[in-house]
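These notes concern the structure reproduced below.
The values are calculated or read from the model by the stated rules, or taken from the named source; none is laboratory data. Worth saying up front: this structure is predicted, and the values here are computed from it rather than measured. Glycine also receives a Cβ, built like all others from the backbone with ideal geometry; neighbour counts cover every protein chain displayed.
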Amino acid sequence: QQQVKQSPQSLIVQKGGISIINCAYENTAFDYFPWYQQFPGKGPALLIAIRPDVSEKKEGRFTISFNKSAKQFSLHIMDSQPGDSATYFCAATRGGYQKVTFGIGTKLQVIP
Amino acid sequence: GAGVSQSPSNKVTEKGKDVELRCDPISGHTALYWYRQSLGQGLEFLIYFQGNSAPDKSGLPSDRFSAERTGGSVSTLTIQRTQQEDSAVYLCASSFGVADNEQFFGPGTRLTVL
């Protein structure tokens, strides 16, 4: 059972454009939603995270938008750069519970 | 300080053989996680440890998979009688404790079962 659905699975964006990755979850007990970035041959690394008490969180060019009623959240990468080319995973968990459920991943390619 | 390390980085084995994958977490991290990453399957949770105990083993695919952690530090994931479908990258992560703390991932072990 895929509790966190992520789309698209691949994305090609031109340099300077906006990359948008969407995720939807089913378990209303989830209360922490991190995004991880993974470069080839490396393990994932935390990029940005949000809790459902806020609707948006911004860190530099990266923004998470969160819609609690729709059980959806998304990652926006503004002014996308070739160095952003990587695989992005959304994830969800609930406080105090160790298991983190990941989305299937989105392979982003930013072309010059 | 040093990050999470995993060994070996690559492992090629024959079907039916047993393999052991090792994870050295960041010093002081009490929680340790194992994930499997297969092509097109995302990150699949296998097991986590809080200290030396494993409260949640629900992700282990079969009884051929087992894991242990000793001294609250190093962990070993063992796959017995490997099958071709076990081929994947096995990732280890550690964190200070609860899951809403950042998980720091190692580079993974790429396992190929021939």
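For this structure, a couple of remarks:
The rows are residues; the columns are (1) of a type in the set (V, I, T); (2) out of contact with any Ser or Thr (no Cβ under 6 Å at 6 or more places or on another chain); (3) free of Cβ contacts under 8 Å to residues at least 40 places away in the same chain.
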{"position": "B:P25", "(1), (2), (3)": "no, no, no"}
{"position": "B:Y35", "(1), (2), (3)": "no, yes, no"}
{"position": "B:I47", "(1), (2), (3)": "yes, yes, yes"}
{"position": "B:P55", "(1), (2), (3)": "no, yes, yes"}
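- Residues (aliphatic (A, V, I, L, M) and either closer than 23 Å to B:V113 by Cα or surrounded by 15 or more Cβ atoms within 10 Å (Cβ to Cβ) (or both)) located in the range B:1-29: B:V4, B:V12, B:V19, B:L21, B:I26
- Candidates in the range B:50-100 are the residues that are modelled with pLDDT of 90 or more and among the acidic types (D, E); of these, the one that is nearest to the chain's Cα centre (by Cα) is B:E68.
- Residue in the range A:14-31 that is of a type in the set (D, E), under 14 Å from the mean Cα position of the chain (by Cα), closer than 20 Å to B:G42 by Cα and surrounded by 13 or more Cβ atoms within 10 Å (Cβ to Cβ) present: no
- Meets criteria (farther than 20 Å from A:P82 by Cα and of a type in the set (S, T, N, Q)) for A:T28: yes
- On the stretch given as the range B:30-49, residues that are closer than 23 Å to B:G72 by Cα, among the hydroxyl-bearing types (S, T, Y) and surrounded by fewer than 21 Cβ atoms within 10 Å (Cβ to Cβ) total 1.
- Residue match in the range B:77-92 (condition: surrounded by 14 or more Cβ atoms within 10 Å (Cβ to Cβ), among the aromatic types (F, W, Y), farther than 20 Å from A:I104 by Cβ and touching a strand residue (DSSP E or B) at 6+ places or on another chain (Cβ under 7 Å)): no
- Filtering A:V4, A:V54 for residues that are touching a strand residue (DSSP E or B) at 6+ places or on another chain (Cβ under 8 Å), among the β-branched types (V, I, T) and farther than 26 Å from B:Q41 by Cβ leaves a single hit, A:V54.
- Conditions (1) over 15 Å from the mean Cα position of the chain (by Cα); (2) within 10 Å of chain A (Cβ to nearest Cβ); (3) over 20 Å from A:W35 (Cβ atoms); number of the one not met by B:Q41: (3)
- Residue match in the range A:92-103 (condition: surrounded by 12 or more Cβ atoms within 10 Å (Cβ to Cβ), farther than 18 Å from A:V4 by Cβ and hydrophobic (A, V, I, L, M, F, W, C)): no
- When the range A:48-93 is filtered for residues that are more than 17 Å from A:P8 (Cα to Cα), small (G, A, S) and in contact (Cβ under 8 Å) with a residue 60 or more places away in the chain, only A:A92 remains.
- Residue in the range A:93-111 that is over 30 Å from B:F49 (Cβ atoms), within 13 Å of the chain's Cα centre (by Cα) and more than 11 Å from every other protein chain (Cβ to nearest Cβ) present: yes
- Qualifying residues in the range B:105-114 (those that are buried (at least 20 other Cβ atoms within 10 Å of the Cβ) and in a strand (DSSP E or B)) - the one nearest to the other protein chains (Cβ to nearest Cβ): B:F105
- Selection count where residues are among the aromatic types (F, W, Y) and either assigned to a loop (DSSP other than H, G, I, E, B) or away from chain B (no Cβ under 11 Å) (or both), scope the range A:16-64: 5
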